[in-house]
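J.: Take this structure, written in C-alpha cells, and hold onto it; I'll ask about it next.
The values are calculated or read from the model by the stated rules, or taken from the named source; none is laboratory data. As the structure is a computational prediction, the values presented were derived from the model and not from experiment. Neighbour counts run over all protein chains shown; Cβ positions are idealised from the backbone, glycine included. All accessible areas refer to the heavy atoms of the entire protein, side chains included, with ligands and DNA or RNA removed. Shrake-Rupley method; radii C 1.70, N 1.55, O 1.52, S 1.80 Å.
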Amino acid sequence: MPHLFLYLNTVRHLRLRQVLARARAVLPMGRPDTRPPPRLRPRPPGWQSMALKRTSMVGPAMFRVLNREREAQSAKDWDRRDWEALWVYNLHYFDDLNAADSTKRIDWHKRLITRWLNENPPGRGRGWDPYPTSLRLVNWIKWLWQGNQPVEGMIESLAVQARWLQRRIEYHLLGNHLLANAKALVFAGLAFDGVEAEAWHETGWRLLDQQLAEQILPDGGHFELSPMYHAIILEDLLDLLNARPGLPRENAVSRLSAHASRALGWLDALVDERGGFPLLNDATDGVAPTLAMLREYAERLGVHPDMSGLATAAFVNGWTGRSCSGYWVIDGGPLRMWFDTAPIGPDYQPGHAHGDMLSVQLTLAGQPVLTDTGVSTYELGAQRAYERSTAAHNTVRIDALDQAEFWASFRVARRGHPVGFRLMADGLECGHDGFAVQRRGLHHRRVLRLHAGGFTVTDVLTGPGQHSFEVVWHIAPGTSIERLAPGRFGLEGKMRVEIEGGECVWGESCYCREFGVVRIRPCLTVSGMFSGKTQVKFKCTYCY
C-alpha cells in the first residue's frame, strides 16, 4: 500500500500529456524508416567555433567518462547492463567529436562512427533512446560542419535517426529532454534539404518556441533550477544562434537571442567568485561547459548578458543581494552567500530536485566554507538517495523527514514549496511546507540576518506534540576547524561560529563535486527535541 500512495502522489502532479505519452510508449512504434536520405546541405554560413567538450576518448576504444575509465571494444559494450546507465548513454553521445584537440583524434573518431553504425542496428539498444539520439545527431552534424568528411553510411544513418526521433519525442518527460529533442530536429532540418528535412525543422522549431517560453523564466533561469542543466541549455541556445541563417524568421532569432542573453546574465549572477556553479539540485562539475567558455562563445555570437530581470536588494551593513529565480546571492565584503528560497523545480518534472530549500552556502574571499553536496551518481541506491536528501544540505530535518518524498532515482511524490518569503532591511526570511504535507502542523521557517562582518541564521521550528530535529552544516573539505568551547568553533583561523539551541556534534559527510568522485568533508550536526516550538541559531562572524 505505501508504494501505491507513492505512485499516486507522484502521478497526480503530472500533466495529462505526460501520462498519455507514457501509455503510448508501450505500444509498438513500427520499424525504423531506412529510406535513402535527403540531399545534404552545406553548413550554415558564418558558423563559429563552439564551446568545446571535455575530452573523453583516451584511446581508440578507451573512454574516460564521468571520471571512470573503461574500454569499450565489442558490440555488447554499447549496451552493457552492468555499467551505469549514464556512462553508457555518454558513450552514445559522441561528445569527443567536438572536444578539445579533437582534430588530433580524427582517425579514432572515424573508426568509432563506423563501429557504431555496424554494431547498433536501427532502433536497437540504449543508443536509440531519444535523449542519446538527440545529442548524437547534434554532435555528428557539428563534426561535419567542422569540415570533416562523412564516413560510409553516416549520412544515411543521420536521416534514419532523425526520423526515429521525430516519432519518439519525449513528451512523457518534457523539461530539458524535450529541448534536446527539439534542438536535434532543428539541426537535422538544417543539415538536409527538401520537404522531409523542412518537416524536421518545423517540428523542432515549434517545440523550441513553445518550450523556451515556458522553461526560461522571466529572469533568465531555467525552470528545473539546476545550474548544471541551465548551462547545458544555454549552450544549446548559443548553438542554435550559431546556425541562425537557417532559422525560420528574424523575429525567431530575436526571441532566441533574448533568451540566451537573459540565461547568460542569470548564470553570471549566480556563480561564485571563480566562476564555479553552486551545487544546487542536480549539479556537478565536468558535465556542462564552464561560464568562461559560455561567455567566450556568446561573445563570438554577439550575445551579451542581460541581468535586468533579476530582483536586487540593498541591505544594511553594506550587504547586497540578487535573486536568481529564488536563489539569493548575497555579498558582504569577503563573504558571499547563497540562500535558497526557490522551489525544488516544476511540479510536473522535479526529476533533478533535491531537498535543499532554505539551504545556505558560503565562500570567504572566493574559498568555499559552507558547501552543498553535489552529485556523484544517478544510479538507484543509497548514495543517490543521500545526495537528494535534506540531510545532504545545509538546512533542517524534523522527525528525520525530507522536504519531499524522494524515491527511485528521479521521482518525487508529496513535496513542499517555499512559503512566506520576506525581504527585510537586515536580511531575508522564508519558510516551506514540505514537512506539513507529510505530517500535519510541522513547519520550518529560516531567518537570515546580516550584520557587519557576518550573519546569523535562526531556524524556527513548530509543530504540535514532541518532535526531533537536526540541522547539518557541511563544511568544505580541508577546512581547519578548532573547537573553542561547547557550541563554539573557529574555521580557518578567520571565522567564528556560535551555535545555540541544540547539542552540536562534529562529524563527516560526503562531498561530490564531480560524477564518480566522493570526498569526505567535516560537518557540524545540531540536534535535539522540541514540543510546540523551538529556535536554533547559527552565528558566523569573520575575524578581520
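J.: Could you work out how far helix 175-191 tilts from the main Cα principal axis of the chain, as a 0 to 90 degree angle to the nearest 10?
T.: Result, in degrees: 30.
J.: For the chain, what does the helix formula give at 222 nm: sum of -39500 (n - 2.57) over DSSP H segments with n ≥ 4, over the residue count, nearest 500 deg cm²/dmol?
T.: -9500 deg cm²/dmol
J.: Any lysines with Cα under 25 Å of the Lys76 Cα? List them, leaving off those in the same chain fewer than 8 positions away.
T.: Output for Lys76: Lys110.
J.: Mind checking the angle between helix 291-300 and the chain's longest principal axis? C-alpha axes, 0 to 90 degrees, to the nearest 10.
T.: Value to nearest ten degrees: 50.
J.: Between helix 130-145 and the chain, what is the angle of the helix's C-alpha long axis to the longest principal axis, kept within 0 to 90° and rounded to the nearest 10?
T.: Once rounded, one gets 60 degrees.
J.: Further question on the same structure: Taking the simple approach of a point 7 Å from Cα along Cα-to-Cβ for both Ala400 and Thr34, what is their distance in nm?
T.: Inter-label distance under the simple model: 5.6 nm.
J.: Taking the alpha-carbon distance from Lys533 and a cut-off under 12 Å, which aspartates and glutamates remain once sequence neighbours fewer than 8 residues away in the same chain are dropped?
T.: By straight Cα distance, Lys533 reaches Asp459.
J.: What number do you get for region 462-544 when its Cα radius of gyration is normalised by 2.2 N^0.38 Å, N = residues?
T.: 1.26
J.: Something else about it: Could you tell me, in Å, what Rg and Dmax come out for the Cα atoms of region 152-282?
T.: So, for region 152-282, Rg and Dmax equal 15.6, 49 Å respectively.
J.: Something else about it: Within region 323-348, find all residues whose amide N lies under 13 Å from a label point positioned 7 Å from the Cα of Glu492 along Cα-to-beta-carbon.
T.: In region 323-348, the label zone of Glu492 (backbone N under 13 Å from the point 7 Å along Cα→Cβ) covers 334-337.
J.: State the percent of C-alpha pairs, over all pairs in region 338-391, separated by a distance greater than 16 angstrom.
T.: Details: 730 of 1431 pairs.
When every Cα pair of region 338-391 is considered, 51 percent fall beyond 16 Å.
J.: In addition: If you line up the Cα atoms of region 198-247 on their principal axes, what length do they span on each, largest first, in Å?
T.: That gives 33, 20, 15 Å along the principal axes, largest extent first.
J.: With viscosity set to 0.692 mPa s and temperature to 37 °C, compute the Stokes-Einstein D of region 392-544, Rh being the Kirkwood radius across alpha carbon pairs; µm²/s, no decimals.
T.: Stokes-Einstein gives a translational diffusion coefficient of 196 µm²/s.
J.: Take region 400-464, compute every pairwise Cα distance, and split them into 5 Å bins from 0; I just need the percent in each bin.
T.: 4, 16, 22, 19, 14, 12, 8, 4, 1
J.: May I pose another question? Let me know the Rg and Dmax you get for region 1-58 when you use only its Cα atoms, in Å.
T.: 22.0, 60
J.: State the dimensionless ratio Rg/Rh of region 250-404 (Rg: radius of gyration of Cα atoms; Rh: Kirkwood radius).
T.: 0.99
J.: How much of the accessible area of region 75-163, in percent, comes from carbon and sulfur atoms when a 1.4 Å probe is used?
T.: 47
J.: So what is Rg over Rh here for region 214-307, counting just Cα atoms and using Kirkwood for Rh? Present the calculation step by step, with values, prior to reporting the outcome.
T.: Working: Rg = 12.6 Å, Rh = 13.2 Å.
Result: Rg/Rh = 0.96.
J.: If you don't mind, another one. Using the C-alpha gyration tensor of the chain, what are the square roots of 5 times its eigenvalues, in whole angstrom, with the largest one first?
T.: The three semi-axes for the chain are 43, 25, 23 Å.
J.: List the trypsin sites (Lys or Arg not before Pro) within region 457-499 that fall in a DSSP loop (any state other than H, G, I, E or B) and whose Cβ has at most 16 other Cβ atoms within 10 Å.
T.: Lys494
J.: Taking region 84-130, how much of its Cα-Cα pair set, in percent, is spaced more than 18 angstrom apart?
T.: 34
J.: Need one word for region 18-177: rounded, prolate or oblate. Basis is the Cα gyration tensor (sqrt eigenvalues a ≥ b ≥ c); a/c below 1.5 gives rounded, then a/b vs b/c decides.
T.: oblate
J.: Further question on the same structure: On average, how much accessible surface per residue is there in region 348-446, in Å², for a 1.4 Å probe, leaving out ligands, DNA and RNA?
T.: About 31 Å² of surface per residue is accessible.
J.: What is the chain's relative contact order, in percent, from Cα pairs under 8 angstrom and six or more apart in sequence?
T.: Working: 1128 pairs, mean separation 60.5, N = 544.
Computed over the chain, the figure is 11 percent.
J.: Could you state the accessible area per residue of region 3-78 in Å², with a 1.4 Å probe and every protein chain left in place?
T.: 71
J.: List residues of region 171-190, by number, whose backbone nitrogen lies under 16 Å from a label position 7 Å along Cα→C-beta of Arg24.
T.: Once the point is set 7 Å along Cα→Cβ of Arg24, 171-175, 178-179, 181-182 turn out to lie under 16 Å by backbone N, inside region 171-190.
J.: Shifting gears a bit: At 0.36 nm per residue, minus the direct Cα-Cα distance, what do Val316 and Thr114 gain on full extension? Give it in nm, one decimal, please.
T.: On the way: separation 202, 0.36 × 202 = 72.72 nm, distance 6.34 nm.
Using 0.36 nm per residue and subtracting the Cα-Cα distance, I get 66.4 nm.
J.: So which lysines pass the test for Lys494, namely a Cα distance under 18 Å, with those fewer than 8 places away in the same chain ruled out?
T.: Candidates past the 8-residue exclusion: Lys539.
J.: Under 18 Å from a point 7 Å along the Cα-to-Cβ line of Glu514: which residues of region 462-479 have their amide N that close?
T.: 477-478
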